[in-house]
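Written out below as structure tokens is the structure these notes cover.
The values are calculated or read from the model by the stated rules, or taken from the named source; none is laboratory data. Just so it is clear, the structure is predicted and the values come from calculations on it, not from any experiment. Cβ placement follows ideal geometry from the backbone for every residue including glycine, while neighbour counts extend to all protein chains displayed.
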Amino acid sequence: MTKDFLSLSDWSLADLEAIFDLTRELKAKQKEGTPHRLLEGQTLGMLFEKSSTRTRVSFEVGMFQLGGHALFLHSGTTQLGRGEPIKDTARVMARYCDGIMIRTYSQAAVEELAEHAYIPVINGLTDMYHPCQIMADLFTVSEHKEDYRNLKYCWIGDGNNMANSRINAAAVFGFELRVATPKGYEPDAEVVARAEQAGAKLLLTEDPKEAAADADVLNTDVWASMGQEEEQAEREKAFKTFQVNSELLKLADPQAVVMHCLPAHRDEEITDEVIEGPQSIIFDEAENRLHVQKAIMATLMAR
């Protein structure tokens, strides 16, 4: 059975840490200029329904460095945009490509694609999960902290795909996670229930100060994600006290690090001062999308 990368909860701790081990190896080789063409001659089909900077560039560059080729396909220029069933697209792409990465709205669409494609499928983002980003986040923390699992993490802002994926990660990796969201913007209840059943150490709160207290890692995201632009004004009112700023950072551990998956609305969910400050590891985090995704692709696609 083909292994896919749709959600962190589908993978064991040992397998995810093996991806981190491979990430370190591939990152070192890339920095040394040592070839690491583990996917020589292979093709990754990339399906985009949502716009992207980091996802597209990191997967394309990653496939090139691994010796393969990435094919960019926007839904509006494919038959998917004209109503072709996902299962038909999946079976055709499986005969052309060696793997598929999809960045779209519906998690169900990704799961249907994976069900009908007999090649690996990677979730590049849905409204429910963003597993590649969380892997990059945790790998980045591991580079800056000696024991990235024995830390206090906090999520401040919207209970979106990033919050859901971080909750999944808390269940798999075992770290403590505090999630601060305004009332009505909580993470998915089923995701929370499954994580708690799996033993995750979670605190859900409406107080960002409670979440940030003594935290080792502070993480946030835009208040209105793609597809929620019409809610921007309403969300600004709901989230106005959920900004990651220097005052909030003072409540955290003095050695705390700050993360953001980007793009950021500077001086909205996070201040420019914090992004550019000494505790920010945001651009290391962005770089590591490349290295982690190379390891994911190599794990899934290498022959």
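Assorted remarks:
- Which listed residue, of Pro187, Pro131, Pro182, is more than 18 Å from the chain's Cα centre (by Cα) and modelled with pLDDT of 95 or more: Pro182
- Number of the exception - Asn161 against (1) in contact with a helix residue (DSSP H, G or I) (Cβ under 6 Å, 6 or more places away or on another chain); (2) closer than 24 Å to His291 by Cβ: (1)
- Residues in segment 261-280 that are among the β-branched types (Val, Ile, Thr) and over 19 Å from Ala136 (Cβ atoms): Thr271, Val274.
- Among residues of segment 59-82, those that are without any contact (Cβ under 8 Å) to a residue 24 or more places away in the chain, surrounded by 14 or more Cβ atoms within 10 Å (Cβ to Cβ) and more than 16 Å from Cys97 (Cα to Cα), counted: 0
- Looking across Tyr105, Tyr118, Tyr96, one residue alone is out of contact with any Leu (no Cβ under 7 Å at 6 or more places or on another chain), under 30 Å from Leu204 (Cα atoms) and in the same structural domain as Ala295 (by TED's automatic domain parsing). It is Tyr105.
- Candidates Phe283, Phe242: the one that is out of contact with any Phe, Trp or Tyr (no Cβ under 6 Å at 6 or more places or on another chain), farther than 17 Å from Cys154 by Cβ, among the aromatic types (Phe, Trp, Tyr) and at pLDDT 95 or above is Phe283.
- Against the conditions (1) over 23 Å from the mean Cα position of the chain (by Cα); (2) under 27 Å from Met162 (Cβ atoms); (3) of a type in the set (Phe, Trp, Tyr), Tyr96 satisfies every one except (2).
- Top-ranked residue in segment 43-80 [being of a type in the set (Ser, Thr, Tyr) and part of a helix (DSSP H, G or I); ranked as nearest to the chain's Cα centre (by Cα)]: Thr55
- Verdict on Ile119 being touching a residue at least 40 places away in the same chain (Cβ under 8 Å), over 16 Å from the mean Cα position of the chain (by Cα), more than 18 Å from Val292 (Cβ to Cβ) and buried (at least 17 other Cβ atoms within 10 Å of the Cβ): yes
- Among the residues here, Glu190 qualifies as free of Cβ contacts under 8 Å to residues at least 24 places away in the same chain and either surrounded by 13 or more Cβ atoms within 10 Å (Cβ to Cβ) or assigned by TED's automatic domain parsing to the domain that holds Thr241 (or both).
- For segment 274-303, taking the residues that are out of contact with any Ser or Thr (no Cβ under 6 Å at 6 or more places or on another chain) and acidic (Asp, Glu), the one that is surrounded by the most Cβ atoms within 10 Å (Cβ to Cβ) is identified as Glu287.
- Residues located in segment 252-264, provided they are surrounded by fewer than 21 Cβ atoms within 10 Å (Cβ to Cβ), farther than 12 Å from Asp216 by Cβ and free of Cβ contacts under 8 Å to residues at least 60 places away in the same chain: Ala264
- Residue identified as outside the structural domain of Asn161 (by TED's automatic domain parsing) and at pLDDT below 95 among Glu49, Glu17: Glu49
- The set of residues in segment 1-34 that are in a loop (DSSP other than H, G, I, E, B) and either without any contact (Cβ under 8 Å) to a residue 24 or more places away in the chain or basic (Lys, Arg) (or both) comprises Met1, Lys3, Gly33, Thr34.
- Pair list, Cβ < 7 Å and 6+ apart or interchain, from segment 207-223 residues that are in contact (Cβ under 8 Å) with a residue 24 or more places away in the chain and surrounded by fewer than 24 Cβ atoms within 10 Å (Cβ to Cβ) to residues that are part of a loop (DSSP other than H, G, I, E, B) and not hydrophobic (A, V, I, L, M, F, W, C): Asp214/Asp253; Asp216/Lys145; Asp216/Asp253; Val222/His265; Val222/Glu269
- The set of residues from segment 21-58 being of a type in the set (Ser, Thr, Tyr) and surrounded by fewer than 21 Cβ atoms within 10 Å (Cβ to Cβ) comprises Thr34, Thr43, Ser51, Ser52, Thr53.
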